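We did not get these values from a lab; they are worked out from the coordinates using the rules stated. From a predicted model like this one, the values you see are computed outputs, not experimental measurements. Here the Cβ positions follow ideal geometry from the backbone for every residue, glycine too, while neighbour counts run over all protein chains shown.
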Amino acid sequence: MTRKQKIQGARAWLLTDTPDSAFQAAAGRFYLGLLEFFHNRLAVVGLLIILALITTAIFAPQIAPFDPVATDLANRLQPLSAHHWFGTDEMGRDIFSRIVWGSRLTLYVIILVAVIAAPVGILVGTVSGYFGGSIDTVLMRITDIFLAFPKLILALAFVAALGPGIENAIIAISITSWPPYARIARAETLTIRNSDFIRAIRLQGAGPLRIITKHIMPLCLSSLIVRVTLDMAGIILTAAGLGFLGLGAQPPSPEWGAMTSAGRSFILDQWWLITMPGTAIFVVSLAFNLLGDGLREVLDPKSDS
């Protein structure tokens, strides 16, 4: 059998209308979703930028030509050149190296916030939607209190109480990020809690914990993944805002928001100090938005496309 025939056989196995197993059906759905995703060119561009960000973060020591925190006052405020691709800052540090190392901090914030906020949101939302009554009222009123405040303002309040630092900033952003996920999970739960298959599972003796964790939560994941991906841009901007105000990562950490804050004093004459980290924030935020839009078309069953 030739290579072409093998590929055609695999494609026919994935696209069959009568799958022989649950695995074959899942593989077919994944393949169709992948094809639909790659038809969205902007989503692919976003994915490539995010993969470049991850690669940069992993191989930062090999990519960065200079130490990101080592000062060299003799070379301070140098413009863009072949030696310093993005110029140097007010302490003589290479801006390109600091942006490369700053990608690690950005991914660190994104991953931890997603790991903390998303599970809390889906747990609160599914419990609230499944049980209803007073439990729903209490949990949703708490959610409404958090949603009543602008995210950055609420994060500033928590960081002010906890103290400056990247870990406290992550905690503050996580505390302010879970309510939208709870709302989505609750809405999904309300639509399926009285479905026939849920009634059948309940008649078989399954308790609320098993129903919520094994049957309702998995059905909420697709919408939640889309929302989390779209929220990544907001998380990056909030972290950068806290860093800009001096409440996030502390000097000399190469955090992009703190770099823009340090460069604002030189914006007229040494524009690269604020432009380069600002561009990094813009590009990565845009990439997550593009990826989120692509995932929404594939995963969201209510999408128009």
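General observations
- Dipole orientation for the chain: of the candidates Ala240, Pro61, Phe288, Phe288 has the Cα lying most toward the positive pole (charges on Cβ; Lys, Arg +1; Asp, Glu -1).
- Against the main long axis of the alpha-carbon atoms of the chain, helix 272-299 sits at an angle near 10°.
- Residue among Ile225, Tyr108, Met91 farthest towards the positive dipole end of the chain, charges placed on Cβ: Ile225
- Extension gain for Leu268 to Asp144 (0.36 nm times residue separation, less C-alpha to C-alpha distance): 40.4 nm.
- With θ taken as phi - 60° and the Karplus curve 6.51 cos²θ - 1.76 cosθ + 1.60 applied, the whole-hertz 3J(HN,Hα) list for segment 127-143 is 5, 5, x, 6, 7, x, x, 5, 5, 4, 4, 5, 5, 6, 5, 4, 4 Hz, x standing for glycine and proline.
- Fewest-first ranking of Arg29, Arg183, Arg202, using other Cβ atoms within 10 Å as the exposure measure: Arg29, Arg202, Arg183
- Look at Asp231, Asp67, Asp293 and count the other Cβ atoms within 10 Å of each Cβ; fewest to most, that gives Asp67, Asp293, Asp231.
- Degrees, to the nearest 10: 41-58 long Cα axis against longest axis of the chain: 60
- Taking the chain and dividing mean pair separation by its residue count, relative contact order in percent (alpha carbons under 8 Å, at least six apart): 23
- Distance between modelled label sites at Val44 and Asp196, nm, 7 Å Cα→Cβ extension: 4.1
- Extension gain, Asp72 back to Ser134 (0.36 nm per residue minus Cα-Cα distance, nm): 16.1 nm
- Two-site FRET efficiency, Ala22 against Ala160, from Cβ-Cβ distance with R₀ of 51 Å, rounded to 0.05: 0.50
- In a reduced charge model with +1 at each Lys and Arg Cβ and -1 at each Asp and Glu Cβ, segment 34-299 shows a dipole moment near 880 debye about its Cα centre.
- Segment 34-299: proportion of alpha-carbon pairs further apart than 27 angstrom, %: 47
- Helix 3-15 vs. the chain, principal-axis angle (Cα, 0 to 90°, nearest 10): 60
- FRET efficiency for Thr279 and Gln204, using Cβ-Cβ distance with R0 set to 51 Å, rounded to 0.05: 0.35
- Sparse-neighbour loop sites [trypsin sites (Lys or Arg not before Pro); segment 31-98; at most 16 other C-beta within 10 Å; DSSP]: Arg76
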